[in-house]
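Okay, so here's the structure we're looking at.
The values are calculated or read from the model by the stated rules, or taken from the named source; none is laboratory data. All values reported here derive from a predicted model rather than from experimental measurement. Here Cβ is always computed from backbone atoms with ideal geometry, including for glycine, and neighbour counts include all displayed protein chains.
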Amino acid sequence: MIERPDRTPLPRGFFDRPVLDVAPELLGCTLARLTGDGPIELRLTEVEAYAGELDPGSHAYRGRTPRNDVMFGPPGHAYVYFTYGMWHCLNVVCGPEGRASGILLRAGEIQIGADLARKRRFSARHDRELAKGPARLATALDVDRALNGTDLCADATAPLSLLPGTPPRPDQVRNGPRTGVGGGGAHQPWRFWIDSDPTVSPYRAHVPRRRAT
DNA sequence: CGCAGGATCGGCT
DNA sequence: GCCGATCCTGCGA
């Protein structure tokens, strides 16, 4: 009998906890995508927590809308949003249900399907850039709003799921301010990443956009 | 390598 | 109308 890594998705209970407990534990976990062309999998190296309606940085801050509806639903589901007119970003809803908290999956290391990811991320000059940033991660794994609401705990044959992986050593888990978040939520140190990992995206402070002249 | 500017459109005020 | 949980390219050092 051949030993294989655990293909059982993380249980719903894993996500049905306070988002700040879940976020650091997601590091090292496997995000598995089943595309028509084959599987693409990555090991998460960077995530960011958003604490629901009370968090000025969260999409849920101004209450429930058609766009953020999934965030108010049960934990363990995918919240995918479209931004800047061209990009998608992927979150996991966390508990308790109705809190509308979630975790943005910001970066990872491609472990399976790098050839497929390279086709989708043709401008990446190096494999470490394939999923270095939330929109790059979504692009590499062919994630768009068609996957909004997907149950990530269903099973490994689903189009998108989260599985246990290889956790980092506890002393390798770092945290700091969230990238690109302005307003009242800017200073919260709710971004978590694996220290010294080359696939972690660079920190960028929020920049209000200037109007075109 | 760092920084500035542009792309592009859905969601919400 | 304004702005965004971003990324890419081009330019200069």
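Apart from one condition, A:Met71 fits all of (1) away from DNA strand B (no atom under 12 Å from the Cβ); (2) surrounded by 23 or more Cβ atoms within 10 Å (Cβ to Cβ); the exception is (1). Among the residues of the range A:106-152, those that are of a type in the set (S, T, N, Q) and in contact (Cβ under 8 Å) with a residue 12 or more places away in the chain comprise A:Gln111, A:Thr139, A:Asn148, A:Thr150.
For the range A:168-175, the count of residues that are farther than 29 Å from A:Arg209 by Cα, touching a strand residue (DSSP E or B) at 6+ places or on another chain (Cβ under 7 Å) and surrounded by fewer than 17 Cβ atoms within 10 Å (Cβ to Cβ) is nonzero. Of the residues making up the range A:82-90, at least one is buried (at least 24 other Cβ atoms within 10 Å of the Cβ), away from DNA strand B (no atom under 14 Å from the Cβ) and under 15 Å from the mean Cα position of the chain (by Cα).
When the range A:18-65 is filtered for residues that are under 21 Å from A:Leu162 (Cα atoms) and surrounded by fewer than 15 Cβ atoms within 10 Å (Cβ to Cβ), the ones remaining, listed by number, are A:Pro18, A:Asp21, A:Gly36, A:Asp37, A:Gly38, A:Pro39.
Sub-8 Å Cβ pairs linking a first residue in the range A:73-94 that is under 11 Å from A:Asp144 (Cα atoms) and modelled with pLDDT of 95 or more to a second residue that is within 8 Å of DNA strand C (Cβ to nearest atom) and β-branched (Val, Ile, Thr), at least 6 apart or interchain, are A:Trp87/A:Thr139; A:His88/A:Thr139; A:Cys89/A:Thr83, ordered by first then second residue. Only one entry of A:Thr65, A:Thr45, A:Thr8 meets the criterion of being polar (S, T, N, Q), more than 11 Å from DNA strand C (Cβ to nearest atom) and under 18 Å from A:Ala138 (Cα atoms), and that entry is A:Thr45.
One residue alone among A:Gly113, A:Gly108 is surrounded by 20 or more Cβ atoms within 10 Å (Cβ to Cβ) and under 18 Å from A:Leu10 (Cβ atoms), and that residue is A:Gly108. Consider the range A:29-60 and keep the residues that are more than 21 Å from A:Pro189 (Cα to Cα) and among the hydroxyl-bearing types (Ser, Thr, Tyr). The one that is nearest to the chain's Cα centre (by Cα) is A:Thr30.
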